[in-house]
Ligand code: AMP
């Protein structure tokens, strides 16, 4: 496995392969790799001839009071996982490579990025949209894979790739979970034993919401209220949002059809966790207004 740190080396590696008709897959990450990342890497490996994983803790997507400095950076372990999974290039740009002197351009966000994470973390999506655009320009992949775990981010990247004609196909893969349902995340290591136990209540609330909808409940506010109750039974948790949304626009659902997504974010002490569940009601269309 090659480790590449500069833009020029990365781009010329890709260009050489592209000229030979090699299909390049790409999994962007911030490192601290876990089985969720591993699943993305495996799926990419199956679809592509050559595979690039980037590891870059992007400073511009963290707010001033967020966890940039303490974000885990186990680079040796991360490289070992990439090697194990047959990654061809581990792209590890530094902040100076990514944002050299004179860097100025920032991508303007689509509507889809306005609510939820966009509201809770105003710095986050401008940083994500800009770094993903830059990474696509540096790596020049044919296909890039993202996790459903970050549902709104994946929707934003899809829109970005389409609107700006970035020439990359985007594939979104299902969330990989721990045995008790907690979505895997690099931030889970911040949780102490007690916090780890209550962290799973986010997934339980989402699942309760999903079951309510599948059981025929159509009142969005009532569903959201009952999910919130499930979580608030565990002390020490603050709910940031729990919302039943249209899976395409990410606006609160005003009309139940056969598809929805429930988005959630909670805080346990200083640790922030997000998760979501997609809902498909087969055969049911335009159930009712509420
Ligand atoms: P991150 O390193 O957190 O920036 O995540 C890199 C990629 O891995 C993103 O596309 C995430 O959505 C994805 N990812 C993170 N956690 C999971 C998970 N539990 N299951 C599937 N994909 C994930």
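Some points to look at:
- Scanning segment 154-177 for residues that are within 10 Å of the ligand (Cβ to nearest atom), assigned to a helix (DSSP H, G or I) and over 23 Å from residue 4 (Cβ atoms) yields one hit, 154.
- Condition broken by residue 22, with the remaining ones in (1) within 14 Å of the ligand (Cβ to nearest atom); (2) over 20 Å from residue 74 (Cα atoms) satisfied: (1)
- Among the residues of segment 135-153, the ones that are assigned to a helix (DSSP H, G or I) and within 6 Å of the ligand (Cβ to nearest atom) come to 2 in all.
- Any hit, segment 37-59, residues being under 22 Å from residue 173 (Cα atoms), surrounded by fewer than 17 Cβ atoms within 10 Å (Cβ to Cβ) and touching a strand residue (DSSP E or B) at 6+ places or on another chain (Cβ under 7 Å): yes
- In summary, helices (runs of 4 or more DSSP H) completely within segment 3-120 and bearing 1 or more residues that are more than 29 Å from residue 189 (Cα to Cα) and free of Cβ contacts under 8 Å to residues at least 60 places away in the same chain occur at 7-19, 35-47.
Here, each number is a calculation from the coordinates, and none is a lab measurement. Keep in mind the model is a prediction, meaning the values are calculated, not measured. Every residue, glycine as well, gets a Cβ built from its backbone with ideal geometry; the counts of neighbours run over all protein chains shown.
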